[in-house]
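Encoded as structure tokens, the structure appears first; notes follow it.
The values are calculated or read from the model by the stated rules, or taken from the named source; none is laboratory data. Not measured: the values here are computed from a predicted model. Glycine gets a Cβ as well: all are built from the backbone with ideal geometry, and neighbour counts include every protein chain shown.
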Amino acid sequence: MRIKLLPEHPNFGFLPKRMIFFAFSALLILASIGITSTMGLSYGIDFTGGIMIEVKTPEPNQIGDMRAKLSQLDLGSVELQEFGEPDDILIRVQVQEGGDKANAVAVNAVKEALGDAIEYRRTEVVGPKVSDELFMNGIYAVVSAILAILIYIWFRFEWQFGLGAVIALTHDVVSTIGVFSLIQHEFNLATVAAVLTIAGYSINDTVVVFDRVRENLRKYKTKPMDQLLNDSANETLSRTVMTSLTTMLALVALYFLGGEIIRDFAFAMIWGVLIGTYSSVCLAVPMLLHLGVERRTMEDEDTAEQLP
């Protein structure tokens, strides 16, 4: 027996409800920008520099005792926070003057102060110069990916399609950053990798719908544009939902079973798949109606293809 998640021929009114989608997306973007501006991001050691030590304590709720011990070491700023379970603690120590040797001495001092009963899971040391370079490289990577996608869609389709895709893509990236700021999950290089993966996933969905729009623009010469766009979104909806669902199954397994190191990446991807599916159908396609996509462009392409 085959499971049907959607009707065989879905006919949801995406275009008639486009102003609701636009309003929701605008509020989501504004909220993301506002939250990020006020709360900031919980940058990982990749972007802040310093020493990060992940430990597991024998018993939960020992963070107060650990903070008291480490405050006596004269290492500068020392931050402790629960990292998942109550017995998982993340220790951040500011970068030490004196280079790698001074940082190594600081790590040994922390381990001596906490004792052998603590399980040390990972230790990372990043200098301030390297952290600044990593932060800027992360920004360059995201911006370059968005510009490259704009150029690709522009040449494959038309400028209206490229602009609509980039608007939807920017919506996905900004909202992902806003969610990380809201819940204060660690924002590090793995998160940047997740954002870039979200961009690729989202644009893949968008291109599939845009291909159907282009086919229908050539096929139906008199159908109203809003109806044509709505039909195109519905015709590709089954593929979009099934792809997103199967991807989500893998991501949920990674989130709950993959361990703390990969959890932030998996969370970003889960949010990205959800918001990317929404933006491809409910934002990118209706945007074409307001950007003025025309059948004339498709007719010109057909004429060019027929020339010897």
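Inside the range 46-108, counting only strands (runs of 3 or more DSSP E) that do not spill past its ends, which hold 3 or more residues that are of a type in the set (A, V, I, L, M)? Quick ask: steps written out before the conclusion?
Numbers: elements: 50-56, 78-83, 85-93.
In the range 46-108, the matching strands (runs of 3 or more DSSP E) lie at 50-56, 85-93.
Within the range 269-277, is even one residue touching a residue at least 40 places away in the same chain (Cβ under 8 Å), touching a Gly at 6+ places or on another chain (Cβ under 8 Å) and surrounded by fewer than 23 Cβ atoms within 10 Å (Cβ to Cβ)? Write out each step before concluding.
The initial filter retains those residues of the range 269-277 that are touching a residue at least 40 places away in the same chain (Cβ under 8 Å), namely 269, 271-273, 275-277.
Narrowing further to those that are touching a Gly at 6+ places or on another chain (Cβ under 8 Å): none.
Taking every residue of the range 269-277 in turn, none turns out to be touching a residue at least 40 places away in the same chain (Cβ under 8 Å), touching a Gly at 6+ places or on another chain (Cβ under 8 Å) and surrounded by fewer than 23 Cβ atoms within 10 Å (Cβ to Cβ).
Identify all residues within the range 49-64 that are touching a Lys or Arg at 6+ places or on another chain (Cβ under 9 Å) and among the hydrophobic types (A, V, I, L, M, F, W, C); write none if there are none.
First, pick out the residues of the range 49-64 that are touching a Lys or Arg at 6+ places or on another chain (Cβ under 9 Å): 49-56.
Passing the criteria: ILE51, MET52, ILE53, VAL55.
Give the residues of the range 31-70 that are of a type in the set (A, V, I, L, M) and over 32 Å from the mean Cα position of the chain (by Cα), sorted by residue number. Give the derivation first.
Filtering the range 31-70 for residues of a type in the set (A, V, I, L, M) gives 31, 33, 35, 39, 41, 45, 51-53, 55, 63, 66, 68, 70.
Listed by number, the residues that qualify are MET66, ALA68, LEU70.
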Exercise. Residues in the range 104-121: is at least one at pLDDT 80 or above, out of contact with any helix residue (DSSP H, G or I) (no Cβ under 6 Å at 6 or more places or on another chain) and among the hydroxyl-bearing types (Ser, Thr, Tyr)?
Worked result: yes
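This table checks each residue for (1) without any contact (Cβ under 8 Å) to a residue 24 or more places away in the chain; (2) of a type outside the set (Phe, Trp, Tyr); (3) within 16 Å of LEU283 (Cβ to Cβ).
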| site | (1), (2), (3) |
| --- | --- |
| ASP205 | no, yes, yes |
| TYR220 | yes, no, no |
| LYS223 | yes, yes, no |
| LEU228 | yes, yes, no |
| SER238 | no, yes, no |
| MET248 | no, yes, no |
| ILE262 | no, yes, no |
Problem set entry | Evaluation of LEU150 against (1) under 26 Å from LEU27 (Cβ atoms); (2) within 16 Å of the chain's Cα centre (by Cα); (3) aliphatic (A, V, I, L, M); (4) surrounded by 16 or more Cβ atoms within 10 Å (Cβ to Cβ) (one fails), failing number | (2)
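Return yes or no: is THR176 hydroxyl-bearing (Ser, Thr, Tyr), within 20 Å of PHE47 (Cα to Cα) and outside any helix (DSSP H, G or I)?
no
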Exercise. Applying the selection to the range 174-191, what residues are of a type in the set (Val, Ile, Thr) and surrounded by 22 or more Cβ atoms within 10 Å (Cβ to Cβ)?
Worked result: THR176, THR191
For this session: Mind counting the residues in the range 7-45 that are surrounded by 13 or more Cβ atoms within 10 Å (Cβ to Cβ), of a type in the set (Ser, Thr, Tyr) and either in a loop (DSSP other than H, G, I, E, B) or modelled with pLDDT of 90 or more (or both)?
Result: 3
Problem set entry | Selection from the range 70-94 of residues that are surrounded by 14 or more Cβ atoms within 10 Å (Cβ to Cβ) and over 28 Å from ASP132 (Cβ atoms) | ASP87, ASP88
Problem set entry | PHE155 vs. criteria part of a helix (DSSP H, G or I), at pLDDT below 85 and under 19 Å from SER42 (Cβ atoms) | no
Exercise. Which numbered condition trips up ILE51, out of (1) buried (at least 16 other Cβ atoms within 10 Å of the Cβ); (2) closer than 30 Å to MET225 by Cβ; (3) not basic (Lys, Arg)?
Worked result: (2)
Exercise. Among the residues of the range 127-149, is there at least one that is in a helix (DSSP H, G or I), in contact (Cβ under 8 Å) with a residue 60 or more places away in the chain, of a type in the set (Phe, Trp, Tyr) and within 14 Å of ASP46 (Cβ to Cβ)?
Worked result: yes
